[in-house]
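Q: Here's a structure for you.
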Amino acid sequence: MRVNSRAMAIAGISAAALVATACGGGSSSSDDAGTSGATGQTGGEFVIGGCNPENPLVAGNTSETCGGDVLNILTSKLVKYSTEDAKPENDIAESIETEDGQNFTIKLKEGYKFHDGTDVLAKNFVDAWNYTAAGANGQSGSYFMEPIEGYKDVSGKDSKKTEMTGLKVVDDLTFTVKTTEPNASFPLRLGYSAYAPQPDAFFDDPKAFGEKPIAAGPYKLDSWEKNKSIVLSKFDDYSGDFAGKADKITFQIFQDPDTEYTALQAGEIDAIKQVPSSALVDDVYKTDFPDRNSSTDSMVLQYLGMTPGTDPRLEDVNVRRALSMAIDRQEISDAIFGGTRTPATGWVPPILDGATADACGEYCTFDAEKAKELLDEAGGFEGELTISYNGDGPHKEWLEATCNQLKNNLGIDCTAKPAVDFATFLKDLEERKTKGLWRLGWQADYPSVENYLTPIYSVGADSNYGDYDNPDFQAKIKEGDSADDVEQANTLYGEAEKLLAEDMPSIPMFYVQTQVAWSEKISDVKVTPFGYIDLTQVTVNS
């Protein structure tokens, strides 16, 4: 996103600078994707399949999709990303202006309320961002504040400082942000939940707050029964432009994607956010849900990570390269996903404008003979290799297929190893208990090439579970952040991505299409370029 034009409001940015193709809503078996032929209405309630959030629902401490799906409609931020093309549109922000790409003046719309009835003011953003940044608070979203001047002074675990120098409240509806250097992507980030405001009540008891959060979005939390359901209802005093249509939305939590799919078939729930692989082959889901399904290109990457510090067998780069080259991604896509997954050729999905083509090069190209040579050169691989994953996601079949290929092509004894759910899986990663390979997906927080690099591979980033540390990579990301415009920034980010190809800290697997299905009860099911259903748009049929 360009930030060097004078007094530029974020709502005026061209969508072409963000996502290469408009794909929200996707395609389905009918020409009218997202409808079922019935008449939608405002009101009513519906149930969607969900999963266990890792942490209490605190916006600055939620870095996974189970909690993020809820926070998407529970919170309002300065901007909202368009359902159709991910273009940022002003939400709470009246304007976001800069003259130099480093000093930003943010004015808020008057009248926004938190769910407790208090006003959304400038200090609610400043206080929330300072809290998230402070190392002593241990928030997973802390590094999103890194561009702001003073972040380094507050982010240390032992730091006594709690306020970044780059944030200033001007008046009730105005605050300023100064970044350490000009930053091409900073304004684009501001629709992500880590930048949501927090009411004064949050600071009284942040831990308890996360069990029943108060936000400023179109829906408020009614109840959260752990491992069972999360219930939201429409916020009557919501004054923004992105109100919801249904009166009540329930996330019913499932541990198994096939059980979730069966529940949809039985009419026990009304939508699923990803069709399991068992229903993708031969387009079974399109037969099961004619005119009530959608397949959409999305900004989602599936990859295999590793933490060499916990498994020294993976320290040799040639071992990592061999593992990648021994996997026939297209064969897995065809056999398990009915061809609906695109073999990854880099770490950034091509749907994003500015993504580098074929960044991974030969190391993401299937070549069993070359893979065996690389493994032999590294001295082979001793013992069993496990690929860990969350058992409540649709991953068992394709990871077992991956293991079979590693056995056949490299002679490695490989086993796919499930954790009970995503929260447990992430906790093991965070505590560095996981050995071997592990599966993760990355769903963009905001539509930027940088978002696939910094949060996963920068030192200290919350999702850098592999503990990747390359000073040259860090420097190149910093150059990209300081670029004059998004085109120059993407070139520099592309150079950083090439360094990943040299080091192979992870194995890109697939660019994901999002397949969803829904019941006859609802209409207007639209999938965003981020790969999730815009639940505010869903209508309950009369």
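The values are calculated or read from the model by the stated rules, or taken from the named source; none is laboratory data. Predicted, not measured: the structure shown is a model, and the values here were computed from it. When we count neighbours, we look across all protein chains shown, and the Cβ atoms used for this are built from the backbone with ideal geometry, even at glycine. The accessibility values were calculated without ligands, DNA or RNA, using every heavy atom of the protein model including side chains. Shrake-Rupley method; radii C 1.70, N 1.55, O 1.52, S 1.80 Å.
Q: Report the local net charge at Gly117: Lys and Arg +1, Asp and Glu -1, summed over other residues whose C-beta lies under 13 Å from its C-beta.
A: Summing Lys/Arg as +1 and Asp/Glu as -1 gives -3.
Q: Separate question: At 7 Å along the Cα-to-beta-carbon direction for both Lys370 and Glu89, put a label point, then send me their distance in nm to one decimal.
A: If labels sit at Lys370 and Glu89, their model points lie 4.6 nm apart.
Q: Diagonalise the Cα gyration tensor of the range 275-391 and give the resulting equivalent ellipsoid semi-axes, square root of 5 times each eigenvalue, largest first, whole Å.
A: 31, 17, 14
Q: What is the percent carbon and sulfur in the accessible area of the chain, measuring with a 1.4 Å probe over the protein chains and ignoring ligands?
A: 45
Q: To the nearest whole percent, what portion of all C-alpha pairs in the range 229-341 is separated by more than 16 angstrom?
A: Roughly 74 percent, once rounded to a whole number.
Q: Counting Lys and Arg as +1 and Asp and Glu as -1, what is the net charge of the other residues whose Cβ lies under 12 Å from the Cβ of Ser159?
A: +1
Q: Largest first, what is the accessible-area ranking of Val177, Val420 with a 1.4 Å probe?
A: Largest accessible area first, the residues go Val420, Val177.
Q: Could I ask something else about it? Taking square-rooted eigenvalues a ≥ b ≥ c of the alpha carbon gyration tensor, is the range 250-292 rounded, prolate or oblate, where a/c under 1.5 means rounded and, failing that, a/b exceeding b/c means prolate?
A: oblate
Q: Next up: Put His115, His395 in order of accessible area, largest first, 1.4 Å probe: what do you get?
A: His115, His395
Q: Given that compact globular proteins tend to follow 2.2 N^0.38 Å, what is the ratio of the alpha-carbon Rg of the range 157-249 to that value?
A: 1.37
Q: Need one number for the range 475-518: average projected area of the convex hull over its C-alpha atoms, nm².
A: Its average projected convex-hull area is 5.0 nm².
Q: What does the helix-only formula give at 222 nm for the chain: each DSSP H stretch with n ≥ 4 adding -39500 (n - 2.57), the total divided by the residues, and the result rounded to the nearest 500 deg cm²/dmol?
A: After summing the helix terms and dividing by the residues of the chain, the value is -7000 deg cm²/dmol.
Q: If contacts are Cα pairs under 8 angstrom and at least 6 residues apart, what is the relative contact order of the range 424-465 in percent?
A: So the answer I get is 27 percent.
Q: Using Stokes-Einstein with the Kirkwood hydrodynamic radius over Cα pairs, what translational diffusion coefficient do you get for the range 434-480 at 37 °C and a viscosity of 0.692 mPa s, in µm²/s rounded to a whole number?
A: D = 282 µm²/s.
Q: Normalising by the residue count of the chain, find the relative contact order in percent from Cα pairs under 8 Å and 6+ residues apart.
A: Relative contact order here is 23 percent.
Q: Work out how much length Thr118 to Thr174 would gain on full extension: take 0.36 nm times their residue separation and subtract the Cα-Cα distance, in nm to one decimal.
A: 18.5 nm
Q: Something else now. Could you report the accessible area of Arg432 in Å², rounded to 10, computed with a 1.4 Å probe on the protein chains as they sit in the structure?
A: Per-residue accessible area (Arg432): approximately 80 Å².
Q: Follow-up question, since we're still on this one. Solvent-accessible area of Ser95, probe 1.4 Å, all protein chains present, reported in Å² to the nearest ten, please.
A: 10
Q: Short version: what are the Cα gyration tensor semi-axes of the chain, square root of 5 times each eigenvalue, largest first, in whole Å?
A: In descending order the semi-axes read 35, 30, 21 Å.
Q: log₁₀ I(q)/I(0) of the range 100-257 at q = 0.08, 0.12, 0.13, 0.17 Å⁻¹, via Debye over equal Cα point scatterers, no solvent, to two decimals?
A: Log10 I(q)/I(0), no solvent term: -0.27, -0.60, -0.69, -1.09.
Q: Something else about it: Could you tell me the center-to-center distance, by alpha carbons, between the range 443-501 and the range 129-165 in angstrom?
A: With the range 443-501 and the range 129-165 each reduced to a Cα centre, they are spaced 20 Å.
Q: Can you pull a Stokes-Einstein diffusion coefficient for the range 347-453 at 10 °C (1.306 mPa s), Rh from Kirkwood over Cα pairs, as a whole number of µm²/s?
A: 99
Q: Keeping all protein chains in position, work out how much accessible area Ser463 exposes to a 1.4 Å probe, and write it in Å² to the nearest 10.
A: Its heavy atoms expose roughly 10 Å² to the probe.
Q: Determine the per residue accessible area of the chain with all protein chains present and a 1.4 angstrom probe, expressed in square angstrom.
A: 37
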